[in-house]
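See below for the structure under consideration.
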Amino acid sequence: MIPKGSSRALYYTWDTVAKISTLAAAVPISEILNEETETLNLSIGKANISGNSISYLQRGSYNQAKTNHDAIRAWILSNGKEIVTPSVEEYLVSFRDTKDTSALETRIIYNFR
């Protein structure tokens with residue numbers, strides 16, 4: 001099989017105190033469907049919302065990941081919604097592609113109901 005897109009990590013649990021996570025790694029093997037989205041302004045920048053999911057394109061170092069995840073989760077919860085696991089990180093430009101941390105791109109995706 002040939003991957004049809006960027007690799008992903010699916011986070012089922014994320015314990016920030018013990019610093020452990022339950023996750024799965026994945027690559028798409030079929031075409032990716034693109035949905036219509038609306039732009040939403042968060043404290044971290046513009047995010048996209050579509051149906052029951054929200055995504056944010058993180059550019060640069062992974063050092064900002066916690067802040068970005070926290071902002072997305074805060075928006076979901078403050079809007080009376082429930083987070084549905086797993087959350088997803090899609091590595092569009094990763095260390096496999098570049099050694100320049102400023103060039104990294106990770107799409108963070110959360111589903112909710």
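Odds and ends about this structure:
- Where Cα atoms sit under 26 Å apart: lysine pairs in the chain separated by 8 or more or lying on different chains: 9
- Ala25 versus Glu105: modelled label distance in nm, points set 7 Å from Cα along the beta carbon direction: 2.2
- Over all orientations, region 1-80 has a Cα convex hull whose mean projected area works out to 6.9 square nanometres.
- Taking Phe112, Phe95 and counting other C-beta atoms within 10 Å, the order from fewest to most: Phe95, Phe112
- The helix-based estimate of mean residue ellipticity at 222 nm for the chain, built from -39,500 (n - 2.57) per DSSP H run of four or more residues and divided by its residue count, is -4000 deg cm²/dmol to the nearest 500.
- Using only side-chain charges placed at the Cβ, +1 for Lys and Arg and -1 for Asp and Glu, the dipole size of the chain relative to its Cα centre rounds to 240 debye.
- Counting every other Cβ atom within 10 Å of each residue's Cβ, Val17, Val88, Val27 order from fewest to most as Val17, Val27, Val88.
- Residues Tyr12, Tyr110 in ascending order of nearby Cβ atoms (within 10 Å, fewest first): Tyr12, Tyr110.
We did not get these values from a lab; they are worked out from the coordinates using the rules stated. In this text, all values refer to a predicted model and were calculated from it rather than measured experimentally. Because the Cβ atoms are built from the backbone with ideal geometry, glycine has one as well, and the counts that use them run over all protein chains shown.
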